[in-house]
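Notes to accompany the following structure.
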């Protein structure tokens, strides 16, 4: 994963609440077995609506509960492939938020009036190190889990980080009293 | 110190919730959670296996991993990936089969007698057990919480992480309890209970939380009903749904292929929320007040009683939803005519669901204007239903009796509703385009879907003859 420090630039606005991942990337595009090439299908059906205007800027500002529904990581893949580097919203669905942090697409939670101010300003800077978003006429701080922030700033490989604790995993497995399901016995 | 579910705790230790107990028993280190069971399907796993291959990493515990093909499989009775006509779907299923062979993961792909929707086969094979942590690259993994397990959906990067390490880096979510007072009325089902709950808490009401469902209305549900409730937790924004296991659970699990023998009942009976345990959020709902539910919009929270009318839109989102659904505020729900009926999905495709629907259609005919289908959740459910003659009941009524898969819940296979078609569906999502581009979905219980198939419109199952 590439490291993220600052995302700066124009803001694309999608002023809708409860945008689900079926809209972000419809099911017919989930049949690919690669991680790349989803950007051109982003908001595939909505993009056909008259007046649709969502240029591939570094920042997307949107409504509450963004990314609800299906756990498909194809949704953050599509947003990132399209060109977004940060998404600012009043709230995110849990799995979507987590998926974004795994691929280096920065999810930023701001208060609803602050998101509206970013939408109105049209340009913003997201500073992950300082946990601040600034725009012409305003700025706001945002919360992020310290460990997630560290991984994003350093661009760390999650699995590599966990495998540093492989002895703890070995010990846990050795200690366990319960025997688990043996899925291999079913074949 | 062994990590047991009811291990030694000092006298006076603070009371814990069911969720606390499972979480603490699975902490390998701070924020590193051990995963007991990892379910895998063809759509969200290929990129994870590919990354493992590139990094030269093996699957740590194939014996705690189970794969099936469900999202893409045609329901026409095909028995091998090679028979799948859609080239991309075929490649995806073949890729799963190849990956599982290469990494030693047991797979029940198309053609297996154990194939089916991942959240149907886990419980029915007995690999889903109380007290476990269970993940899958699928948001409806919350289903498994019906057994007193902690089950939640993850993305593909996390699928790869679990394959490689059998753990997940997770901050502990907040805890919510939804407690139901009273009993469900006649004709009101688990599906109505959860739809009514989502209507009350909203589609983001559970965000950041693991939700425990409790109360007599929950205790009175069958395992199928409990799975329906926990399944749709994600539709209320919740990370996982849980129900404390009891005799209903133990009887259901006993004797299944992968179930322990004897069952570790002392451990399992300890999987209860202690008196005095606290929750970050508590919700109380009167179950006795609930009627059969029908969604009218494009989120599962846009739902109302079958006796009600399409509501006045309160904001732009609801206006947009009504326009998409081609509905006018004030229209009685029972005046809404349907073109299609879909009985299936990980929400409502188990044998109990099919029995309920079959009871409604027995001796009746599907309206001539309606195209109706039943898609059993697994090959085992299909075989059981056929042994009971339910397939004949459905066929005689004019239903199309299909083979197992996710099917028209999301239309990744050829089972897709046409633009503008209105579907009464037992699935979990009425999002725009979910069942087909431009298709209009109404979520209902299996009984309500069956009655809608016969009448060609929604009816209140409670007073319907």
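Of note:
- Members of the range B:155-187 found to be farther than 26 Å from residue B:38 by Cα and touching a helix residue (DSSP H, G or I) at 6+ places or on another chain (Cβ under 8 Å), listed by number: B:178, B:180, B:181, B:182, B:183, B:184, B:185, B:187
- Within the range B:275-282, one or more residues are crowded, with 17+ Cβ neighbours inside 10 Å and not in a helix (DSSP H, G or I).
- For the range B:11-43, a tally of residues being crowded, with 20+ Cβ neighbours inside 10 Å, in contact with a helix residue (DSSP H, G or I) (Cβ under 8 Å, 6 or more places away or on another chain) and more than 7 Å from every other protein chain (Cβ to nearest Cβ) returns 7.
- Residues in the range B:232-254 that are touching a residue at least 60 places away in the same chain (Cβ under 8 Å) and in a loop (DSSP other than H, G, I, E, B): 5 in all.
- The residue that is nearest to residue B:19 (Cα to Cα), counting only those in the range B:108-150 that are assigned to a helix (DSSP H, G or I) and within 10 Å of chain A (Cβ to nearest Cβ), is B:141.
- Test: residue in the range B:46-55 that is in contact (Cβ under 8 Å) with a residue 12 or more places away in the chain, surrounded by 19 or more Cβ atoms within 10 Å (Cβ to Cβ), part of a helix (DSSP H, G or I) and away from every other protein chain (no Cβ under 12 Å): no
- Flag for residue B:79 being touching a helix residue (DSSP H, G or I) at 6+ places or on another chain (Cβ under 9 Å) and assigned to a loop (DSSP other than H, G, I, E, B): no
So that you can scan it fast, the table gives a plain yes or no per residue for (1) assigned to a loop (DSSP other than H, G, I, E, B); (2) without any contact (Cβ under 8 Å) to a residue 12 or more places away in the chain:
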site	(1), (2)
A:3	yes, no
A:10	no, no
A:18	yes, no
A:31	yes, yes
A:36	yes, no
A:43	yes, no
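Listed here are the residues, each with its yes/no results for (1) more than 14 Å from chain A (Cβ to nearest Cβ); (2) modelled with pLDDT of 95 or more; (3) assigned to a helix (DSSP H, G or I).
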site: B:168; (1), (2), (3): no, yes, no
site: B:172; (1), (2), (3): no, yes, no
site: B:179; (1), (2), (3): yes, yes, no
site: B:217; (1), (2), (3): yes, yes, yes
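- Within the range A:104-125, being within 15 Å of residue A:149 (Cβ to Cβ) and either surrounded by fewer than 16 Cβ atoms within 10 Å (Cβ to Cβ) or in contact with a helix residue (DSSP H, G or I) (Cβ under 6 Å, 6 or more places away or on another chain) (or both) holds for A:105, A:107.
- Qualifying position, being under 26 Å from the mean Cα position of the chain (by Cα), touching a residue at least 24 places away in the same chain (Cβ under 8 Å), within 14 Å of chain B (Cβ to nearest Cβ) and surrounded by 17 or more Cβ atoms within 10 Å (Cβ to Cβ), among A:156, A:128, A:152: A:152
- Residue in the range B:200-211 that is modelled with pLDDT of 95 or more, in a helix (DSSP H, G or I) and in contact with a strand residue (DSSP E or B) (Cβ under 8 Å, 6 or more places away or on another chain) present: yes
- Checking B:95, B:65 one by one, the residue that is buried (at least 21 other Cβ atoms within 10 Å of the Cβ) and at the interface with chain A (Cβ under 9 Å from one of its Cβ atoms) is B:65 and no other.
- Every pair of residues 6+ apart whose Cβ atoms lie under 6 Å, when the first sits in the range B:295-324 and is free of Cβ contacts under 8 Å to residues at least 40 places away in the same chain and within 14 Å of chain A (Cβ to nearest Cβ) while the second is surrounded by 21 or more Cβ atoms within 10 Å (Cβ to Cβ) and in a loop (DSSP other than H, G, I, E, B): B:321/B:297; B:321/B:298; B:321/B:302
- Count of residues meeting criterion [more than 24 Å from residue B:44 (Cβ to Cβ) and within 11 Å of chain B (Cβ to nearest Cβ)] in the range A:56-108: 3
- Check on residue B:330, on the phi > 0 side of the Ramachandran plot and away from chain A (no Cβ under 13 Å): yes
The values are calculated or read from the model by the stated rules, or taken from the named source; none is laboratory data. What you see is a predicted model; the values in this text were computed from it and never measured. Cβ: placed from backbone, ideal geometry, glycine included. Neighbour counts: every protein chain shown.
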